[in-house]
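The next block holds one structure in the form of structure tokens; read it before the comments.
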Ligand SMILES: Cc1cc2nc3c(=O)[nH]c(=O)nc-3n(C[C@H](O)[C@H](O)[C@H](O)COP(=O)(O)OP(=O)(O)OC[C@H]3O[C@@H](n4cnc5c(N)ncnc54)[C@H](O)[C@@H]3O)c2cc1C
Ligand code: SF4
């Protein structure tokens, strides 16, 4: 412990976000970093409490407290304080393949479990993590060669989101030959096509893919493994297959069968926004530009849709939230604002949320195009684009059918394991766990890699978190 009294002397200082009235006009990352002296002080706030619940990742009353990856948080907090970033990186990479993703988008359950937070404010664990990895990228200190001896075993990972990437990274560094198969043109899963650029810049994702490619992982994009012939070929040619296809099947809105145009799901809207903005394509899903937009739902996806619609230049934005306002108040009785709500307030002067509100009926023009809706409170809202962000119902079943794998919304595996009913086929990430978080997807990928390594070698030395 570098600074015994750090938590008494230094207040928590969060790295600033760019002001909402400025950032809403661009797609650049809004979370910034602290100067290195202040970052050191933030590391020095870690109390060496002796019971680091922050890294425990324990289930309690239906939630997980602490880091699901069991990141060695007090160790690297201390090294951030003493400026030993080389050693901090080594300890961080022992448990987390991609701190540059979690350091940006993790909701940081570690900070909720931080003992410093009992009598004051928690240590800035997530920002410290991000500082360590960004420093390493800046120093070009990351590249690891493949082991000199190869196992000569071949593993196919289907799906290139954080679960597939973590599994591939682990197995590559154990000396197996890994090919990642992705149906979309670019790898990254929801890191690329779901989470918007202002939260997770795409160059941060592609930088990692490039590094993995340099280290020996093969990426095959534009190949859909739900095609039975492709599935059979993967089964025949590889010693193990890990399915990491995510959970992209949206929960239905119940409005889809009315033949109305102008309704889409959040995931399709966000994917189209990335295709348009980052890849210069012209997808079929419309932009919100000039349209009256209503988003249904709460949570990350709904917020990301609001923020994206604002940046695209929507004519108005409303978010319908089914539950009452009281359900969302914090312990102090305040209504928390997501980054998207801050931006809507800055741009339009009002919080876009309407609580206890659902869609009662739709209005269309003579050609079936959406023009407005009536809410359950009886209000009429102009609406030309209705975006459903009410969560996900599970994984797509066609890929499971192609591999003969049992599925009940998610792939069926024994508790805490990644094996399936089919010999040499494993599953991980949202496809096994259900829609979750990047940190859990990485944990799942690491656990699947350890199981596959043991399956191929008869033993494993890979460290994996419990699922
Ligand atoms: C809009 C949105 C915002 C989010 N924001 C956050 C956040 O801020 N913080 C956070 O922690 N989590 C967030 N999440 C959740 C997080 O992104 C996911 O939990 C995580 O990406 C799951 O990782 P995964 O690897 O299991 O699957 P995914 O990231 O979904 O990747 C699955 C991949 O498999 C591919 N695939 C599917 N079928 C096939 C097939 N048949 N053949 C080949 N490839 C296939 C898909 O194209 C995709 O690339 C968000 C989710 C969404 C939708
Ligand atoms: S991965 Fe998430 S929970 Fe784990 S230390 Fe980082 S911010 Fe905390």
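The values are calculated or read from the model by the stated rules, or taken from the named source; none is laboratory data. The shown structure was predicted, so the numbers you read here are calculated from the model rather than taken from an experiment. Positions of Cβ are generated from backbone atoms using ideal geometry, with glycine treated the same way; all protein chains shown enter the neighbour counts.
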* To do: Hey, can you tell me all the residues within the stretch 275-302 that are part of a loop (DSSP other than H, G, I, E, B), more than 23 Å from residue 361 (Cα to Cα) and in contact (Cβ under 8 Å) with a residue 60 or more places away in the chain?
  => 278, 279
* Which listed residue is assigned by TED's automatic domain parsing to the domain that holds residue 175 and within 16 Å of ligand 2 (Cβ to nearest atom), from 441, 449 -> 441
* To do: Please go through the stretch 381-421 and pick out each residue that is within 24 Å of residue 260 (Cα to Cα) and surrounded by fewer than 18 Cβ atoms within 10 Å (Cβ to Cβ).
  => 382, 391, 393
* Test result for residue 213, out of contact with any helix residue (DSSP H, G or I) (no Cβ under 9 Å at 6 or more places or on another chain) and either in a helix (DSSP H, G or I) or buried (at least 17 other Cβ atoms within 10 Å of the Cβ) (or both) -> yes
* Structure fact -> Here, strands (runs of 3 or more DSSP E) confined to the stretch 40-159 with at least 3 residues that are more than 10 Å from ligand 2 (Cβ to nearest atom) and on the phi < 0 side of the Ramachandran plot are 58-60, 154-158
* To do: Check off (1) surrounded by 15 or more Cβ atoms within 10 Å (Cβ to Cβ); (2) modelled with pLDDT of 95 or more; (3) farther than 20 Å from residue 439 by Cα for residue 165 and give me the number that stays unchecked.
  => (3)
* **Single residue of the stretch 64-114 satisfying the filter (under 24 Å from residue 205 (Cβ atoms) and out of contact with any helix residue (DSSP H, G or I) (no Cβ under 7 Å at 6 or more places or on another chain)) that is nearest to ligand 1 (Cβ to nearest atom)** => 107
* To do: Could you grab me the full set of residues in the stretch 450-467 that are touching a strand residue (DSSP E or B) at 6+ places or on another chain (Cβ under 8 Å) and crowded, with 24+ Cβ neighbours inside 10 Å?
  => 452
* Asked: Any idea how many residues of the stretch 429-446 are within 7 Å of ligand 1 (Cβ to nearest atom) and not in a helix (DSSP H, G or I)?
  -> 4
* Taking the stretch 220-251, which residues are in contact with a helix residue (DSSP H, G or I) (Cβ under 7 Å, 6 or more places away or on another chain), buried (at least 19 other Cβ atoms within 10 Å of the Cβ) and under 22 Å from residue 162 (Cβ atoms)? -> 225, 240, 241, 242, 243, 244, 245, 246, 247, 248, 250
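Rundown of residues vs (1) out of contact with any helix residue (DSSP H, G or I) (no Cβ under 6 Å at 6 or more places or on another chain); (2) in a loop (DSSP other than H, G, I, E, B), yes/no style:
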| site | (1), (2) |
| --- | --- |
| 346 | no, no |
| 360 | yes, no |
| 400 | yes, no |
| 423 | yes, yes |
* **residue 192 being touching a residue at least 24 places away in the same chain (Cβ under 8 Å), more than 16 Å from ligand 2 (Cβ to nearest atom) and in contact with a helix residue (DSSP H, G or I) (Cβ under 6 Å, 6 or more places away or on another chain)** => yes
* To do: Answer with yes or no whether residue 110 is within 18 Å of the chain's Cα centre (by Cα) and buried (at least 23 other Cβ atoms within 10 Å of the Cβ).
  => yes
* Asked: In the list 272, 309, which residue meets the criterion of being part of a helix (DSSP H, G or I) and either within 16 Å of ligand 2 (Cβ to nearest atom) or farther than 19 Å from residue 191 by Cβ (or both)?
  -> 309
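Residues checked against (1) within 14 Å of ligand 1 (Cβ to nearest atom); (2) within 17 Å of residue 381 (Cα to Cα); (3) not assigned by TED's automatic domain parsing to the domain that holds residue 194:
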site	(1), (2), (3)
263	no, yes, yes
267	yes, no, yes
272	yes, no, yes
288	no, yes, yes
292	no, yes, yes
305	yes, no, yes
309	yes, yes, yes
323	no, no, yes
* Structure fact -> Restricting attention to the stretch 301-334, the residues that are over 27 Å from residue 26 (Cβ atoms) and touching a helix residue (DSSP H, G or I) at 6+ places or on another chain (Cβ under 9 Å) number exactly 1
* To do: Being within 16 Å of ligand 2 (Cβ to nearest atom) and buried (at least 23 other Cβ atoms within 10 Å of the Cβ) is the filter here, so list the residues in the stretch 422-438 that pass it.
  => 429, 438
* If you check residue 141 against the conditions, is it buried (at least 24 other Cβ atoms within 10 Å of the Cβ), more than 16 Å from ligand 1 (Cβ to nearest atom) and under 26 Å from residue 212 (Cβ atoms)? -> no
